[in-house]
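> Take this structure first; my questions come after.
The values are calculated or read from the model by the stated rules, or taken from the named source; none is laboratory data. Values in this document were obtained by computation on a predicted structure and should not be read as measured data. Here Cβ is always computed from backbone atoms with ideal geometry, including for glycine, and neighbour counts include all displayed protein chains. Note: accessible area is taken over every heavy atom of the protein model, side chains too, but ligands, DNA and RNA are not part of it. Shrake-Rupley method; radii C 1.70, N 1.55, O 1.52, S 1.80 Å.
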Amino acid sequence: MTSRVLLVSPAMSASLRQARFDDGGSIDESGAARARSAAGALPSAARALTSPGARCRETAAALGLDAMPVAELAGLDVGRWRGRTLEEVGAAEPEAVGRWLTDPASAPHGGESVRDLCARVAGWLADAQKLEGRTVAVAEPEVVRAAVVDALGLPDAVFWRLDVPPLTVTALGGRAGRWNLRLGCPLAPPEAD
């Protein structure tokens, strides 16, 4: 049995534009318009899922997906840094930020470490591989990174070296415990007949 998982990154939001740790805010109007214009561009799926965060739920809705929120797809819990910009945190806690960006087991913000996120997403991906048919999931960029790390058996130290632009599709297809990867496909409006 071949499993297919399409991970769609959320549309643009004010937090993304400001390099702000996710604050639970909505996608912005330009992001929503881009997502609405791409509605229908995804292939049919046996199931549609979403990270529980607002920007993923709103992106899924704008894409026309009736997606179920899944806790395992939640974004990285950054604890007390939530809502602050990377610049603000870097100025206030430069050593903590340096540790966080270089040590996947570090969680100086009091939230979740990158290693813990990767383990959580790996568990979800293992379950998804057992499902028949295609899964479409709108997921935070860090969830997409963690899925790629797991699918390719990469060390979690490469996590921050993976870039996930808004409204792109990262496709995983595989069987027997092995994934193949197709990443960074832009989500484009469907072509007219």
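> What is the percent carbon and sulfur in the accessible area of the chain, measuring with a 1.4 Å probe over the protein chains and ignoring ligands?
Here it works out to 51 percent.
> May I pose another question? So how strong a dipole does the chain carry about its Cα centre when Lys and Arg Cβ are +1 and Asp and Glu Cβ are -1, to the nearest 20 debye?
So the magnitude is around 460 debye.
> Given points 7 Å out from each Cα along the Cα-Cβ axis, report the Trp160 to Met1 separation in nanometres with one decimal.
3.9
> Given Trp160, Gly174, Gly75, which one lies farthest toward the positive end of the charge dipole of region 49-182, if we put +1 on the Cβ of every Lys and Arg and -1 on the Cβ of every Asp and Glu?
Of the listed residues, the answer is Gly174.
> Between Leu49 and residues 5 or more places away or on another chain, which pairs have amide H atoms under 5 Å apart, with H built 1.01 Å from N, and which residues are they?
Under 5 Å from the amide H of Leu49 lie the amide H atoms of Met68, Val136, Ala137, Val138, each far enough along the sequence or on another chain.
> Calculate one ³J(HN,Hα) per residue across region 69-85 by plugging θ = phi - 60° into the Karplus curve 6.51 cos²θ - 1.76 cosθ + 1.60, and present them in order as whole Hz with x for glycine and proline.
Karplus-based 3J(HN,Hα) across region 69-85 equals x, 10, 4, 5, 9, 4, x, 4, 6, 9, x, 6, 7, 3, x, 8, 7 Hz.
> Starting from the Cα of Ala105, step 7 Å along the direction of its Cβ; do the same at Ser26; then give the gap between the two resulting points in nm.
Once both label points are built, they end up 4.3 nm from each other.
> Mind jotting down the distance between the C-alpha centroids of region 121-152 and region 1-54, whole Å?
Each part reduced to its Cα centre gives a spacing of 15 Å.
> Relative contact order, percent, of the chain when contacts are C-alpha pairs under 8 Å separated by at least 6 residues?
Working: 393 pairs, mean separation 61.4, N = 193.
Here the relative contact order equals 32 percent.
> Could you calculate the contour length gain from Glu87 to Ala119, that is, 0.36 nm times the residue separation minus the distance between their Cα atoms, to one decimal place in nm?
Answer, rounded to one decimal: 8.7 nm.
> Per-residue HN-Hα couplings for region 30-44, Karplus 6.51 cos²θ - 1.76 cosθ + 1.60 at θ = phi - 60°, whole Hz, x for Gly and Pro?
5, x, 5, 5, 5, 5, 4, 5, 9, 4, x, 7, 7, x, 4
> So what are the ³J(HN,Hα) numbers for region 105-116, from phi and the Karplus equation (6.51, -1.76, 1.60; θ = phi - 60°), rounded to whole Hz, Gly and Pro as x?
So the J values, rounded to whole Hz, are 8, 7, 9, x, 7, x, x, 9, 7, 4, 4, 5.
> Send over a whole-number figure in Å² for the accessible area per residue of region 54-193, probe 1.4 Å.
For region 54-193, the solvent-accessible area averages 51 Å² per residue.
> 5 Å is the cut-off here: which amide hydrogens, built 1.01 Å from N in the peptide plane, fall below it relative to Asn180, excluding neighbours closer than 5 in sequence?
When sequence neighbours closer than 5 places are left aside, the close amide H contacts are Gly173, Gly174.
> Mean-square fluctuation check for the chain, GNM, Cα pairs under 10 Å: which of Ala46, Ala32, Ala74 is largest?
Ala46
> Another question, then. Please give, to one decimal in nm, the separation of the simple spin-label points placed at Glu95 and Arg182, each 7 Å out from Cα toward the Cβ.
It is 4.8 nm.
> Can you figure out the FRET efficiency of Ala46 with Ala19, using R₀ = 41 Å and their beta-carbon distance, to the nearest 0.05?
FRET efficiency, Ala46 to Ala19: 0.70.
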